[in-house]
Structure formats: C-alpha cells, structure tokens
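Engineer: For reference, the structure I am asking about is given below.
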Amino acid sequence: MSRMSEDIDIKVSCPLEVSQSELKQKLKALKVSIRADLLKSGFEIVDSKTRNEYKFFDFEVKYLEKFPPEVSLRAEIKIEFTFAKLHVQALVKPISTLIYRDLNMPQAPLNFSCVAIEQTTAEKILSFLRRWDPTSSSNDGRLVRHIHDVAILLEGHIDDNGLQISFQKAVEEDRTRYANQEPEFAKSPKRILRQALLQLPADEFLNQAYELFVLELVGGPAKSCEGALTIFTKIADNLISGLE
C-alpha cells in the first residue's frame, strides 16, 4: 500500500498455553526489551502507555526530521503492540519504502510476518465504525485512513468467507474488551455498527479529514473520498448483515 504513515501496529501472539500471570510477565519482559532496543538504536521515547496487563503497550518516539513539519503527519512515530489471536495464518511479505521506490534506489530486502489481508480488512472496518465520531473533540480525523486502506485492500485477493469470519471474531473480541467503556456496543454491536454506517454519507468532517490525512500521504494516484467511501460502505454493509 503506497501510503505514508507514522504508525506501526504490531500484533503479539503466544503459541504456548500459559497462565494469565505468566502471560503478563512475558509481555512485560517484551516491553522492557523493546524499550531497551529503541534507546540503544538512538530513538528518543517521548511517551509510553500500558493497558490491560501489558496486552497493549505503545511507544511514541521522535525521529530525525529533514523537512518542515506537516499537519498530516505527527512529529512522532507511534509503535503499538497488541496481544491478539490471529484468525487467519500470518503471511511473510516483503516491505519497502516509498522514497527508495520513487528514487529508484536499491534496498536490502526486508521480509516481515504480516497479519492476513482478511483480518486486517475486518479490523480496519470495525475500528473505524466503532470509533469514528465527528462530534468528538478527541477525533483529529486520522482514523479516516481506514476508509482508504480498506478500498485498496479489497483490490487484492480476499477470501470472502475468511473476511466474514474475521469480522465476526473481531466484533466478539471488542464486545468483551470494551464492555465497560462501551456498554451499548457490547449489548448490540450489530445495531451500533449499522447506525454508524448510515451516518457516513452526510459526514462533512469525513470529507475534510480525507483530503488532509489521505490525499496528502498517498504515494501515487489516490482514490477519491467518494469512491473509497462507496467501496467501504458496501463491504461494511455486507459484513454487518452477516453478523450472528
């Protein structure tokens, strides 16, 4: 996907059956190790959070700036680690950078174990519909990138059944994870997601955010907000209809 981002989302899984206390210790040790590696590599950690007994933790790190700051990009890299189950087997994929590509510069191959496209797509759709609120002061608009990403991901080969299964499982996990913070969603996720979906076409803030946080960051031709939203709403409608 040819889009700039200052976020790195990493899923952490544990192949072994361990107790909750053992899992907490393993995840805590992982955070300590990653923090040490970041500092050793010369990064300045400006913030770090931990939630849910280390099942989520992140780091915000400063990077060396070569150009004036842009509103569309944060001045820090946010690296998030989330303990989660993989619903579809991970795939090893090559990763490259836009600047190396556009300057035709040779780049050492970098292969990374990636979450399958079905699970990634399902989680982006769910995350956007559950979290997007144009009236919230905490919504800076960056979440709109999910609409663009879903439209691009659907251009690849996606197993429809695997996508529906991943969406169902993601909804079930979020119902449990956010039961206290979002009781209405936990009670009736299908209704809440449908309601959020129906509000999108009339959302003027969404169009403004798309222009700022998507069109300025895509390396090459970008889908229009209208085109991406049409693709997003169609697949989201099908997935919500398929919820049990």
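Engineer: On average over all directions, what projected area in square nanometres does segment 126-235 have, based on the convex hull of its Cα atoms?
Structural biologist: On the way: hull surface 29.4 nm².
Its Cα hull, projected and averaged over all orientations, spans 7.4 nm².
Engineer: Right, another one. Using only the alpha carbons, work out the radius of gyration and Dmax of segment 196-244 in angstrom.
Structural biologist: Both quantities, over Cα of segment 196-244: 12.5, 39 Å.
Engineer: Can you pull the semi-axes for segment 1-52, root of five times each eigenvalue of the Cα gyration tensor, sorted largest first, whole Å? Provide the component values of the computation, followed by the final result.
Structural biologist: Working: eigenvalues 122, 56, 22 Å².
Equivalent-ellipsoid dimensions as semi-axes: 25, 17, 10 Å.
Engineer: Beyond 17 Å, what share of the Cα-Cα pairs of segment 109-155 remains, rounded to the nearest whole percent?
Structural biologist: The share of Cα pairs beyond 17 Å in segment 109-155 comes to 43 percent.
Engineer: Quick one: accessible area per residue over the chain, 1.4 Å probe, rounded to a whole number of Å²? Intermediate values should be presented prior to the final figure.
Structural biologist: Numbers: 14780 Å² over 244 residues.
Computed with neighbouring chains in place, this is 61 Å² per residue.
Engineer: Could you please report the charge total around Asp159, scoring K, R as +1 and D, E as -1 over all other residues with beta-carbon less than 15 angstrom from its beta-carbon? Each step should come with its number before you reach the end.
Structural biologist: Values: positive: Lys169; negative: Glu118, Glu155, Asp160.
Net charge around Asp159: -2.
Engineer: Let's see if you can work this out: charge +1 on each Lys and Arg Cβ, -1 on each Asp and Glu Cβ, no other charges. What is the dipole magnitude of segment 21-159 about its Cα centre, in debye to the nearest 20? Intermediate results must be reported in sequence, preceding the final value.
Structural biologist: Working: 21 positive and 19 negative charges, 96 e Å.
Approximately 460 debye in magnitude.
Engineer: Further question: So what is log10(I(q)/I(0)) for segment 70-192 at q = 0.20 1/Å, when the Debye sum runs over its Cα atoms only?
Structural biologist: For segment 70-192 at q = 0.20 Å⁻¹, log10 I(q)/I(0) is -1.39.
Engineer: Can I ask one more? Can you give the relative contact order of the chain as a percent, counting alpha carbon pairs under 8 Å and 6+ residues apart?
Structural biologist: Reported relative contact order: 20 percent.
Engineer: Which helices of the chain meet both criteria: a Cα extent of 15 Å or more along the helical axis and a mean Kyte-Doolittle score no lower than -0.5, with helices taken as whole DSSP H segments?
Structural biologist: Numbers: long enough: 20-40 (30 Å, -0.40); 117-131 (21 Å, -0.29); 160-177 (25 Å, -1.23); 189-199 (16 Å, -0.35); 225-241 (23 Å, 0.76).
Result, helices passing both filters: 20-40, 117-131, 189-199, 225-241.
Engineer: So what does log10 I(q)/I(0) come out to for the chain at q = 0.16 Å⁻¹, using the Debye formula with one equal point on every Cα and no solvent?
Structural biologist: Log10 I(q)/I(0), no solvent term: -1.50.
Engineer: Same structure again: Name the most mobile residue of Gly42, Gly141, Gly162, meaning the one with the largest mean-square fluctuation, in a Gaussian network model of the chain with Cα contacts below 10 Å.
Structural biologist: In this elastic network of the chain, the residue with the biggest mean-square fluctuation among Gly42, Gly141, Gly162 is Gly42.
Engineer: With a 1.4 Å probe and every protein chain kept in, tell me what percent of the accessible surface of segment 1-141 is carbon plus sulfur.
Structural biologist: Numbers: 5110 of 9340 Å².
Summing carbon and sulfur atoms, their accessible area is 55 percent of the total for segment 1-141.
Engineer: Normalized C-alpha radius of gyration of segment 132-171, against 2.2 N^0.38 Å?
Structural biologist: Working: Rg = 13.5 Å, N = 40, 2.2 N^0.38 = 8.9 Å.
Here the Cα radius of gyration is 1.51 times the empirical estimate.
Engineer: I want to verify a result. In a Gaussian network model of the chain, Cα cutoff 10 Å, which of these has the top mean-square fluctuation: Gln168, Gln208, Gln199?
Structural biologist: Fluctuation is largest for Gln199.
Engineer: Past the 11 angstrom mark, what percentage of all C-alpha to C-alpha distances in segment 46-91 do you count?
Structural biologist: Working: 764 of 1035 pairs.
Of all Cα-Cα pairs in segment 46-91, 74 percent lie more than 11 Å apart.
Engineer: Based on the alpha-carbon gyration tensor of segment 87-138, what equivalent-ellipsoid semi-axes (square roots of 5 times the eigenvalues) come out, in whole Å, largest first? Write down the numbers at each step before the final one.
Structural biologist: Values: eigenvalues 189, 75, 9 Å².
Gyration-tensor ellipsoid for segment 87-138: 31, 19, 7 Å.
Engineer: Continuing with the same structure: Order the peptides 229-240, 112-123, 85-96 from the highest to the lowest mean number of other Cβ atoms within 10 Å of their residues. Let's see the in-between values first.
Structural biologist: Values: 229-240: 18.2, 112-123: 20.0, 85-96: 12.2.
In descending order of packing, they fall as 112-123, 229-240, 85-96.
Engineer: Further question: Pick from Leu212, Leu154, Leu103 the residue whose mean-square fluctuation is largest in a GNM of the chain, springs joining Cα atoms under 10 Å.
Structural biologist: Answer for the Gaussian network model of the chain: Leu103.
Engineer: Restricting to lysines 8 or more places apart or on different chains, can you count the pairs in segment 122-227 with Cα atoms under 19 Å from each other?
Structural biologist: Working: Lys124/Lys169; Lys124/Lys190; Lys124/Lys223; Lys169/Lys187; Lys169/Lys190.
Here the count comes out as 5.
The values are calculated or read from the model by the stated rules, or taken from the named source; none is laboratory data. None of the values given here were measured: they were computed from a predicted structure. Quick reminder, even Gly has a Cβ in these numbers, built from the backbone with ideal geometry, and neighbours come from all protein chains shown. Calculation scope for accessible area: heavy atoms of the full protein, side chains included, ligands and nucleic acids excluded. Shrake-Rupley method; radii C 1.70, N 1.55, O 1.52, S 1.80 Å.
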